[in-house]
Amino acid sequence: MVLKKTTMSKIVITTDFSSNSKSGIKFAFQFASKTNSEIIFYHVFEGFSDNSWEPKKGKEKNQNEISLEKLKKYIQKIISESNLPYAKYKCIVETGIDTKNMILDYAKKCKANYICISLRGAGIAKKILGSNTSFLIQHSTIPLIVIPKSYRVSEYKEIWYSSDLTNLKSELNQVQKFASNLKAPIHVYNYEYMIEVDEIKNKLVKMASKYESENIHFHFRKMKIENTLSENLQSDLKKHKPSMIVLFTKLNKSWFERLFYRNNTAEVTFDTKTPLLILRKKTK
């Protein structure tokens, strides 16, 4: 397969002015500089809109205007401190009490290609479950990029696609479109319990031969039954340190359980400096 460059138009970055948001902002500028994407920094001021008909006194500013000024200054400060590459961006502030749905509604309204959200803290499992990110993963039809707080800006060297090999052709095509803009090769990782069985191993090799190229590489690993998928994946992550990980979700709780929980339901902390791109898995 030949990687063709496409143009990604918009990426919505959610921010709450916290130190955790900085990693997502830094990622956004680096990503946009490589993909010609427009950045939209989006903030929800949690409260009720002022629908009062009473005239404002003089040039008194409403809360949206105050928050918008704060957001612009916040972004400018990070740009100046971090020496980030130039990229076109704008800042949007809306007032409301349903932050999760407001993010989705705005992203749909502006026809965003991606929603980017930063996590609070280093443990991805502990921060995804029960959070705004969990809601977005389960309900967003727009691809979601999740940036760990510990993320550091670096060159895009490898894009990892963790696959169960279901709908491989369709999913790999989506990953290619993403990776082509970053000019990064794709490494497909699959974990199989019975990989030592010749029939299964030969089947996997035959499947890989249909898609392998200079920019697409397959890696088949033994799935340890006592570990979760995240534990098996993280073992390889520590050795190779890819630039991004691509996961497809079925938009239900079982996806979280399979990725982050052992059979005895003990939670696994998935600590990584690697951003996650989460795409929607097609269901029959």
Quiz item: From the residues in region 5-26 that are among the charged types (D, E, K, R), at pLDDT below 90 and not in a helix (DSSP H, G or I), which one is nearest to Ile40 (Cα to Cα)?
Solution: Asp16
Exercise. Examine region 209-229 for a residue that is at pLDDT 75 or above, within 29 Å of Arg152 (Cβ to Cβ) and among the basic types (Lys, Arg), and state whether such a residue exists.
Key: yes
Practice problem: Give just the number: which of (1) modelled with pLDDT of 85 or more; (2) out of contact with any strand residue (DSSP E or B) (no Cβ under 8 Å at 6 or more places or on another chain) does Ala112 not satisfy? | Solution: (2)
Self-check item: Members of region 197-241 found to be in contact (Cβ under 8 Å) with a residue 12 or more places away in the chain and either on the phi > 0 side of the Ramachandran plot or acidic (Asp, Glu) (or both), listed by number
Solution: Glu214, Glu226, Glu231, Asp236, Lys241
Quiz item: Name the pairs: first residue in region 79-107 and hydrophobic (A, V, I, L, M, F, W, C), second residue part of a loop (DSSP other than H, G, I, E, B) and surrounded by 15 or more Cβ atoms within 10 Å (Cβ to Cβ), Cβ to Cβ under 6 Å, at least 6 apart or on different chains?
Solution: Leu104/Ser140; Ala107/Ile142
Self-check item: Residue that is surrounded by 14 or more Cβ atoms within 10 Å (Cβ to Cβ), of a type in the set (A, V, I, L, M, F, W, C) and in contact with a helix residue (DSSP H, G or I) (Cβ under 8 Å, 6 or more places away or on another chain), where the choices are Leu172, Leu168, Leu233, Leu204
Solution: Leu168
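The values are calculated or read from the model by the stated rules, or taken from the named source; none is laboratory data. What you see is a predicted model; the values in this text were computed from it and never measured. Heads up, the Cβs are rebuilt from the backbone with ideal geometry, glycines too, and the neighbour counts pull from every protein chain shown.
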